[in-house]
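Report on the following structure.
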Amino acid sequence: MDSLTEPKLKRRDYVVVASMLFGLFFGAGNLIFPLHLGQLAGANWLPAALGFLVTAVVLPLLSVLAISATHAKGVYDVGLPLGKWFALAFMILIHATIGPLFGTPRTATVAFTTGIAPMLPKGAAQGGLLVFSALFFLAAFLLSYKENKITSAVGKVLNPTFLGLLFVLFFVGYLNRMGSVAAAAVTPDYKTAGFLNGFLQGYNTMDALAGLAFGVTVVTAVRGLGLRQDGAVAAFTAKAGVLATAAIGGVYLLLIGLGAMSVNHFAVSAEGGTAFNQIVTYYFGAAGHALLAALLTLTCLTTAVGLVAAFAQDFHKHFPKISYRTWLGMMAFASFLTANFGLDTIIQWSTPMLMFLYPLAMVLIGLSVSSHLFRRSPIVYGFVVAFTVVPALLDMVASLPAVVAKSGFGLALTHVRDAYLPFASWGLGWVVPALIGLALGLTIYLVRQRQAAGAPDAESEID
């Protein structure tokens, strides 16, 4: 009878939720990393783009599908087959990384450093960041203050405005190309390992982690449309997720192409923010700075809204004595404080955490999507995660700042990693151990299933 009361949603509802998802996923890093990848890859952009799309589009889509397939309401549920304590610890680590420690502060610092700072007088950067980040996180707090208004704020207003401005850039950029992509120089790392380097660059978007964290925000938004049954919510979320990530993939390809063409006029930049600044200045002159500032601020704000809301929703659910709005205020204030350490510091310390968390997130996403095949068995989950966590920790140590990575302790662990783990030098030392853990876990699961199935027969023979 409940299914008869489910409302019939229109195509417009899918588009609005997909637009919200696009806005939540698509932050500053999603603009600057593909541009920089295009500059690095040059004429060899295609394999690099394919690698980037795996970790920056396919994985985030799978994270949305993992939430849908398991009828999970957030990142906590994804880790629950391994027990409540693991699920809680994993949720806290994910939210801390994409929240107040790295991801959320980065939304403000990238928007400021790339879009606002070039227009300020010399010596005003630190004070400018203080004021900008305060206003930025105040806006994020106010836009996410009412949970049921997030879909409208992001899906109907902020994201469409951002996309309109971005496509002005694409229209002008591809109508008046800076040169041939085929003639663009290729940096040494991308001559032979374009796919792999693109794959690792996709980590920087943090979107696979964000997709898990956004689960609670998306489910809340979908239920706000009137859907109640878990199956209907899951199906709607999956369709909106496919639509959103397909659009994100298309934007990535256009950005990578712009970046590749730009090296016909500019040297490869140290990071994508500089590349973006050069491109918009080339096409729009002084007005390009205003366009750049508007683009970055809008896209960063939509992501910040999603991140602070997801943090507050998940933490209120598991620590209900503190209200959603109190968690929201704490998250916004903590992100404001971290943002004022500056972009370079945030990026320097976020990379090691991503090298640790991304392998765990990838295997948990894969297990969640395929969990119906082994009934979410804790045995399978346990072996895969146990065999993944050690190489992930070694990857984290190797990517820490030099004060740790180049110490005697750091060098010793890196030597062990490189000597005994295949693909370790590529940052993929966890892959083979994870596959071994999967094989062992599935073997034990299948043996136990057969033993359980044969037990009644054995008893009947004795009788």
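The values are calculated or read from the model by the stated rules, or taken from the named source; none is laboratory data. Given the structure is predicted, the values throughout are model-derived calculations rather than measurements. FYI the Cβ positions are ideal-geometry reconstructions off the backbone, even for glycines, and counts take in every protein chain you see.
What the table below lists for this structure:
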quantity	calculated
The listed residue being more than 21 Å from the chain's Cα centre (by Cα), at pLDDT 90 or above and either more than 22 Å from M330 (Cα to Cα) or surrounded by 18 or more Cβ atoms within 10 Å (Cβ to Cβ) (or both), out of K84, K122	K84
Among residues of region 63-81, those that are surrounded by fewer than 23 Cβ atoms within 10 Å (Cβ to Cβ), in a helix (DSSP H, G or I) and among the aliphatic types (A, V, I, L, M), counted	3
Residue match in region 336-344 (condition: farther than 20 Å from I150 by Cβ, at pLDDT 85 or above and of a type in the set (V, I, T))	yes
Filter result for L400 (touching a residue at least 24 places away in the same chain (Cβ under 8 Å) and outside any helix (DSSP H, G or I))	yes
Residues satisfying the stated conditions in region 440-454, i.e. among the hydrophobic types (A, V, I, L, M, F, W, C), surrounded by 12 or more Cβ atoms within 10 Å (Cβ to Cβ) and without any contact (Cβ under 8 Å) to a residue 12 or more places away in the chain	L446
Residue that is modelled with the highest pLDDT [pool: residues in region 240-259 that are in contact with a helix residue (DSSP H, G or I) (Cβ under 6 Å, 6 or more places away or on another chain) and more than 27 Å from L40 (Cα to Cα)]	L243
Residue within region 9-31 that is of a type in the set (K, R), in a helix (DSSP H, G or I) and assigned by TED's automatic domain parsing to the domain that holds G103 present	yes
Helices (runs of 4 or more DSSP H) (entirely within region 117-234) containing at least 3 residues that are among the aliphatic types (A, V, I, L, M) and either in the same structural domain as T55 (by TED's automatic domain parsing) or within 30 Å of H265 (Cβ to Cβ) (or both)	125-143, 159-175, 207-213, 215-223
Answer residue from region 260-289, given it is in a loop (DSSP other than H, G, I, E, B) and over 26 Å from the mean Cα position of the chain (by Cα) and is modelled with the lowest pLDDT among those	A286
All positions within region 364-409 that are touching a helix residue (DSSP H, G or I) at 6+ places or on another chain (Cβ under 6 Å) and on the phi > 0 side of the Ramachandran plot	R376
Odd one out for A234, checked against (1) crowded, with 23+ Cβ neighbours inside 10 Å; (2) within 22 Å of the chain's Cα centre (by Cα)	(1)
Inter-residue pairs, beta-carbon under 7 Å, first more than 19 Å from G51 (Cβ to Cβ) and in region 409-437, second buried (at least 19 other Cβ atoms within 10 Å of the Cβ) and aromatic (F, W, Y), 6+ apart	P433/F387; I436/F387; G437/F383; G437/F387
Residue that is of a type in the set (S, T, Y), surrounded by 21 or more Cβ atoms within 10 Å (Cβ to Cβ) and either over 28 Å from A334 (Cβ atoms) or without any contact (Cβ under 8 Å) to a residue 24 or more places away in the chain (or both), where the choices are Y203, Y174, Y190	Y190
